[in-house]
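The values are calculated or read from the model by the stated rules, or taken from the named source; none is laboratory data. Please read these numbers as outputs of a predicted model, since none were measured by experiment. Reconstructed Cβ throughout: ideal geometry from the backbone, glycine too, with neighbour counts over all protein chains shown.
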Number of protein chains: 2
Amino acid sequence: MFLLSQATSSFARENSIYFAMNPDITRERENATFNVEKLTHILDGGIEKTKRRREIESLVISDPDFQSEDLNFLSRSERYDAAVKKSAQMILKLREHGISDPEEIYCYKSCVHRGRSEPLDLHLAMFLPTLLNQASPEQMETFFIPAWNLEIIGTYAQTEMGHGTHLRGLETTATYDPATQEFVLNSPTITSIKWWPGGLGKTSNHAIVLAQLHTQGKCHGLHAFIVPLRSMNTHIPLPGVVVGDIGPKFGFDEVDNGYLKLENVRIPRDYMLMKYAKVEADGTYVKPPSAKLTYGTMVFIRSMIVREAGRALAKSCTIAIRYSSVRHQSEIRPGEPEPQIMDYQTQQYKLFPLLATAYAYTFVGQYMNQVYHRITGDINQGDFSELPELHALSAGLKAFTTWTASEGIEVCRMACGGHGYSRCSALPDIYVNFVPTCTYEGENTVMMLQTARFLIKSYRQASAGHQLSGIVSYLNESEGRLQPQSVSTRPTVVNINDLASLVETYKLRAAKLVELAAKSIQLELQKRVSQEDAWNNSAIDLVRASDAHCHYVVVKLFAAKLGEIGDTGIHSVLSTLALLYALQGIQQHSGDFLQTGLLSVPQLSQVSQRLKELLAQLRPNAVALVDAFDYCDEMLNSVLGRYDGNVYEHMFEWARRSPLNKTEVHESYHKYLKPLQAKL
Amino acid sequence: MFLLSQATSSFARENSIYFAMNPDITRERENATFNVEKLTHILDGGIEKTKRRREIESLVISDPDFQSEDLNFLSRSERYDAAVKKSAQMILKLREHGISDPEEIYCYKSCVHRGRSEPLDLHLAMFLPTLLNQASPEQMETFFIPAWNLEIIGTYAQTEMGHGTHLRGLETTATYDPATQEFVLNSPTITSIKWWPGGLGKTSNHAIVLAQLHTQGKCHGLHAFIVPLRSMNTHIPLPGVVVGDIGPKFGFDEVDNGYLKLENVRIPRDYMLMKYAKVEADGTYVKPPSAKLTYGTMVFIRSMIVREAGRALAKSCTIAIRYSSVRHQSEIRPGEPEPQIMDYQTQQYKLFPLLATAYAYTFVGQYMNQVYHRITGDINQGDFSELPELHALSAGLKAFTTWTASEGIEVCRMACGGHGYSRCSALPDIYVNFVPTCTYEGENTVMMLQTARFLIKSYRQASAGHQLSGIVSYLNESEGRLQPQSVSTRPTVVNINDLASLVETYKLRAAKLVELAAKSIQLELQKRVSQEDAWNNSAIDLVRASDAHCHYVVVKLFAAKLGEIGDTGIHSVLSTLALLYALQGIQQHSGDFLQTGLLSVPQLSQVSQRLKELLAQLRPNAVALVDAFDYCDEMLNSVLGRYDGNVYEHMFEWARRSPLNKTEVHESYHKYLKPLQAKL
């Protein structure tokens, strides 16, 4: 799988040096106790999937059209330019190679752009799918093929400068004019300017615009409209369309996130997406059949984000753990050579729980994807019953996994010491490209409160005697169990070495924290505040309950995954990881487990002790466990995370290629320093 | 104090619009219960200091030579260029204005560079001071005036590619050759290449190089040498000097962090800094009188970092809290207008504890600075007694404050939702420029373990019957007190509304966690492992103990500061902040307080309840509390954190000025998209 990177081979050729594999990292691989290749198959979802993924990666990596200079060396405009070039090439190549399966397109695309977002993201992931889902047959005919052929390049313009997660607050208007059978679109205020949509600034010539529909003097809420933005010939913005790039961001340098101000822009009546809701020629409004149709897409996108949380952490751990195996620093025993930094307990404590988390989230992502596909089948047959639960769960899991993964990436970066701060580590890039998941597609705290709403509703149903099913069925048992002041008075039956017992403990913690939040609301209501204020005044407890619920689900799914694994070596090492994940969560939230009386103080000391043992136990398998994620050097693009461990030589080579070294003397010397020296 | 920014005034002029103050933020200011100006004086250290700071800021802000385009719109090379230009100007202007007090220079400098690092940082903060401290009188004569006049531009080259925090591991050699009376400097391996020093890549023509001194066949450890790097006439690197920029980083775009490979570079004997250690003409080595002389500088730099932690958090809170007062989103009560997001309990819970932390760290920074100056006096009189304690404390506090501040900046950024991700928020910049403090000047985990070493040593001394003094004197009491399994069996006397009682509780937590760590080492030793392995196998507990110790010190110093404040209104609001800080720390580490039996479960519930009340209590003063930090718009450089609250208008204006909007149609359209459309 491992391919010599372009940079390496050219440097090696020029310098007639061929680096052998770093002996430290070789030794790590020799010490592994399980079959790495088999674990890769499990992570991919089967041997065939691994094979196909590698084929696709090879197609891209060996393709000279997709080579470019290190993006870190380019200006933003150059990075955008390079991305458009690659995306255009990609469309051609996908057809050339006959790749049409959505998963394979995703794989090819993320390989072309090395996991980065790109200008056509929203065209492919939002504009085309929204047409498929919401366009009438006639509209499909008009728009789909031109869009498929990239004649129409579209984006999805929902978020406004003043309005994000709360959709009902959107201000853009689409007012129907029966005289001309047109909609007139307007951005009535500065806060109503569309803001953030990817590809909107420079790339797209069309947008699906979400706007408040007004007809016959009434507002009918948000609907979707196809709005041409730029001339199909010249790409110049059309009259009334004020469009541009929103400027530099923390990351996403390749994407032209844009703004859009609409000033009396007129579109024909049949540019409103009319598969469900309709406006007739005379302006009569026809309602859509169901409001919950958009849930499916949201669940899908969130399941993708959870998978991305797993991937971002997996990449970060790959880099930090490989580097920790070749970096030597300080001393443990005086007089001996500097040890590998992975031998420090503190380093293991930083990295191994994150490694476990990367595995956990990968499995959770797989699960959500499976459930989504199963439920999608149900929905197509008109069965919406599981949707509310999945919708609620997906909101919380999106928030839970993106928060912890974001923090984890930074822990990995800092675990690489100073060198993690260099762009050559790739960790800054992973962070800035992943961290917006915490605030987009629903701000995380709002997402947590959405899950909490479902939990409280379920809790109240259970309290009222209804028998709950599904993942919240544990709330059936909770009543009467909660004895919050019982820390050391009643015996606990938790076995800290048994994963099933820990899953049970996480479940009870969730149950008790949901109950605690419900009681907080109750307490507020007794102060004669409104339902809404009582909710807001309990929001800290509600988020805490959601967090505990999600944590329970993750531990449960990790444990469930172990049941599917037959290979003894792999089962053994993944069991250790799962136990580490569960116990570290307990240690981090020890207050919860003590407060709810689920664990005693002596048990908590045992947890600390057991954690240390697990770290030592995982130590020999750490490199093999990140190897199993199977990120080739081209995808990682990290000098610190190189498969061969030859970090320092390549760091030097990378630095020498960087733009400031193009001349020996920077022009600023002649412009400012030399004249200054003359003056002083 | 508030000055209309350049951008605003030109935009306002062009568009003939003058924005009034945002009414939401005006209302916030009207509701404040204390005198903001007086609090600013306390933060500055006196009314005169506030006045002088504002004078200096005005000098810079009104100076047309220091205006530049938004740095976010420039390429890295342009940013470096702009920084060199400003730094050169700055040297001239400092002389012009007669500013020579180090604190005032620092203030002027950070205003010129808007708090960013710059190419001359190490010249001013390391090269010149090292000369002052370690050069002999003859060397001062040779080097100081040329360096003062920027003829010699110097940096401080210590860190190597393979060696950071562990100084003894440095590999660069300086071998004395008595035949020519020269030192021969070499980078014998790839890992020995100097890496990271600021200003080394392009700016400096000299460096103080730390190298292993070899003479008469013996190695005498690290010593400092002045090495000329570039021609004084042409700035071209001298023979044997391989020097350049290490490439792009997460931040620090203005700084040319560099590499330096030395290949048989010869320098005269008297280029070794010889105030203390010496090499005589024949190669005889003369030892320095004391090894602890460098402690002082390290303490000073760490106290500066702690102050910076306070500043970085203060800036971030200013932005996030002002924005939260003008941003409206979602709904609390149906039908009512969207509330200010600061009205959400979850938003308060994110931001107000960080606001309290910003105040806490500011006061801790002030304290450390005072102690440093007091002890420096003692040192000059030969009294080193307090130095070990301060050195140990400063290591831990540096780690403790930089970790929490870094996380806090990101919390502030994400509390601004999507817009926090835009560079116009300034929060990404604050983060990337502050976060390296976690890994430089001593990697944080190593720093924590340094403090732990002092704590364990003190604990053992106390156990052996010695009476400890100073900040660790609490360890005298700890023996016999620890009853870890006593959570609910013995009555606790903590009053959660009394700060003094909470300080005591934090103290006992620290004592118990130090004891726990000491016992862990003891336990390991019983397994017949070496002292060193026992230490490493207890490292998690040791870091935890250090963390608790630092937390105690911060709470204690915050409480102590309240005693100095006479103004009732300010005393009241700072007391609320201090209580919030202490209680939130308890909630976050509730496991510790339960596990050590210092708090009971019912008390913990009271803490949660009290925290909510404190948030509500602080709400009306939040904007005033950030106003008191007194960051003018030019220093904040944040559209979201504007004093006038007119966020959206300026965000739009900022975006329109951004580089991708220089043309309506980006060239990539003609190069890639148009040809592609023809092909499909």
Test: residue in the range B:322-334 that is in a helix (DSSP H, G or I), among the charged types (D, E, K, R), surrounded by 20 or more Cβ atoms within 10 Å (Cβ to Cβ) and touching a residue at least 60 places away in the same chain (Cβ under 8 Å): yes
Filter result for the condition that a residue is basic (Lys, Arg), within 16 Å of A:GLN139 (Cβ to Cβ) and under 33 Å from the mean Cα position of the chain (by Cα), over A:LYS261, A:LYS275: A:LYS275
Subset of the range B:94-152 (residues that are over 26 Å from B:PHE225 (Cβ atoms), of a type in the set (A, V, I, L, M, F, W, C) and either in contact with a strand residue (DSSP E or B) (Cβ under 8 Å, 6 or more places away or on another chain) or assigned to a helix (DSSP H, G or I) (or both)): B:LEU94, B:ILE105, B:CYS107, B:CYS111, B:VAL112
Qualifying positions in the range A:537-564 - within 10 Å of chain B (Cβ to nearest Cβ) and either more than 30 Å from A:LEU579 (Cα to Cα) or charged (D, E, K, R) (or both): A:ASN537, A:SER538, A:ALA539, A:ASP541, A:ARG544
Filtered residues of the range A:350-391 (kept if in a helix (DSSP H, G or I), surrounded by fewer than 24 Cβ atoms within 10 Å (Cβ to Cβ) and small (Gly, Ala, Ser)): A:GLY365, A:GLY377
All positions within the range B:195-214 that are part of a strand (DSSP E or B) and crowded, with 24+ Cβ neighbours inside 10 Å: B:TRP195, B:ALA207, B:ILE208, B:VAL209, B:ALA211
Criterion violated by A:GLY45 - all others in (1) facing chain B (nearest Cβ under 8 Å); (2) out of contact with any Leu (no Cβ under 9 Å at 6 or more places or on another chain); (3) in contact (Cβ under 8 Å) with a residue 60 or more places away in the chain satisfied: (1)
Residue within the range B:224-231 that is without any contact (Cβ under 8 Å) to a residue 40 or more places away in the chain, within 14 Å of chain A (Cβ to nearest Cβ) and surrounded by fewer than 19 Cβ atoms within 10 Å (Cβ to Cβ) present: yes
Some residue of the range A:156-170 being farther than 25 Å from A:ALA399 by Cα and either among the aromatic types (Phe, Trp, Tyr) or modelled with pLDDT of 95 or more (or both): no
Members of the range A:591-631 that are within 12 Å of chain B (Cβ to nearest Cβ) and hydroxyl-bearing (Ser, Thr, Tyr): A:THR596, A:SER600, A:SER605, A:SER608
Residues within the range A:396-416 that are surrounded by 24 or more Cβ atoms within 10 Å (Cβ to Cβ), within 12 Å of chain B (Cβ to nearest Cβ), among the hydrophobic types (A, V, I, L, M, F, W, C) and over 15 Å from the mean Cα position of the chain (by Cα), tallied: 2
Test: A:GLN677 is more than 30 Å from B:ASP65 (Cβ to Cβ) and part of a helix (DSSP H, G or I): no
Residues satisfying the stated conditions in the range B:651-676, i.e. over 45 Å from the mean Cα position of the chain (by Cα), facing chain A (nearest Cβ under 7 Å) and either closer than 13 Å to A:SER204 by Cα or among the small types (Gly, Ala, Ser) (or both): B:LEU673
Condition met for B:GLU441 (surrounded by fewer than 24 Cβ atoms within 10 Å (Cβ to Cβ) and within 29 Å of A:SER330 (Cα to Cα)): yes
B:LYS93 being farther than 30 Å from B:HIS650 by Cα and touching a residue at least 12 places away in the same chain (Cβ under 8 Å): yes
Given (1) at pLDDT below 95; (2) away from chain A (no Cβ under 14 Å); (3) surrounded by 19 or more Cβ atoms within 10 Å (Cβ to Cβ), number of the condition B:THR50 does not satisfy: (1)
Some residue of the range B:417-432 being at the interface with another protein chain (Cβ under 8 Å from one of its Cβ atoms), in contact with a strand residue (DSSP E or B) (Cβ under 7 Å, 6 or more places away or on another chain) and either β-branched (Val, Ile, Thr) or over 22 Å from A:MET414 (Cβ atoms) (or both): yes
Number of positions in the range A:568-592 that are more than 28 Å from the chain's Cα centre (by Cα) and either closer than 16 Å to A:LEU499 by Cα or surrounded by fewer than 20 Cβ atoms within 10 Å (Cβ to Cβ) (or both): 3
Every pair of residues 6+ apart whose Cβ atoms lie under 8 Å, when the first sits in the range B:524-536 and is more than 11 Å from chain A (Cβ to nearest Cβ) while the second is exposed (fewer than 13 other Cβ atoms within 10 Å of the Cβ): B:LEU525/B:GLN531
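Residue-wise test of (1) in contact with a Lys or Arg (Cβ under 7 Å, 6 or more places away or on another chain); (2) within 17 Å of A:GLN158 (Cα to Cα); (3) more than 14 Å from chain B (Cβ to nearest Cβ).
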{"site": "A:GLU254", "(1), (2), (3)": "yes, no, no"}
{"site": "A:ARG269", "(1), (2), (3)": "no, no, yes"}
{"site": "A:LYS278", "(1), (2), (3)": "no, no, yes"}
{"site": "A:LYS287", "(1), (2), (3)": "no, no, yes"}
{"site": "A:GLY310", "(1), (2), (3)": "no, no, yes"}
{"site": "A:ALA320", "(1), (2), (3)": "no, no, no"}
Strands (runs of 3 or more DSSP E) fully within the range B:215-293 counting 2 or more residues that are touching a helix residue (DSSP H, G or I) at 6+ places or on another chain (Cβ under 9 Å) and either among the aliphatic types (A, V, I, L, M) or modelled with pLDDT under 95 (or both): B:218-228
Qualifying residues in the range A:79-137 (those that are polar (S, T, N, Q) and not assigned by the TED database to the domain that holds A:PRO64) - the one farthest from A:PHE66 (Cα to Cα): A:SER136
Single match in B:ARG311, B:ARG333, B:ARG269, B:ARG327 (criterion: more than 24 Å from B:ASN646 (Cβ to Cβ) and in contact with a strand residue (DSSP E or B) (Cβ under 9 Å, 6 or more places away or on another chain)): B:ARG269
Residue count, the range A:367-419 (criterion: touching a Pro at 6+ places or on another chain (Cβ under 9 Å) and either in the same structural domain as A:ASN72 (by the TED database) or more than 21 Å from A:GLU308 (Cα to Cα) (or both)): 1
Any helices (runs of 4 or more DSSP H) falling wholly within the range A:566-622 and containing at least 1 residues that are charged (D, E, K, R) and over 30 Å from A:ARG27 (Cα atoms): A:590-595
Criterion: crowded, with 18+ Cβ neighbours inside 10 Å and either assigned by the TED database to the domain that holds A:ALA312 or under 30 Å from B:SER600 (Cα atoms) (or both) - qualifying residue of A:LEU611, A:LEU660, A:LEU676: A:LEU611
Boolean, B:ASN205 is touching a Leu at 6+ places or on another chain (Cβ under 7 Å) and not aliphatic (A, V, I, L, M): yes
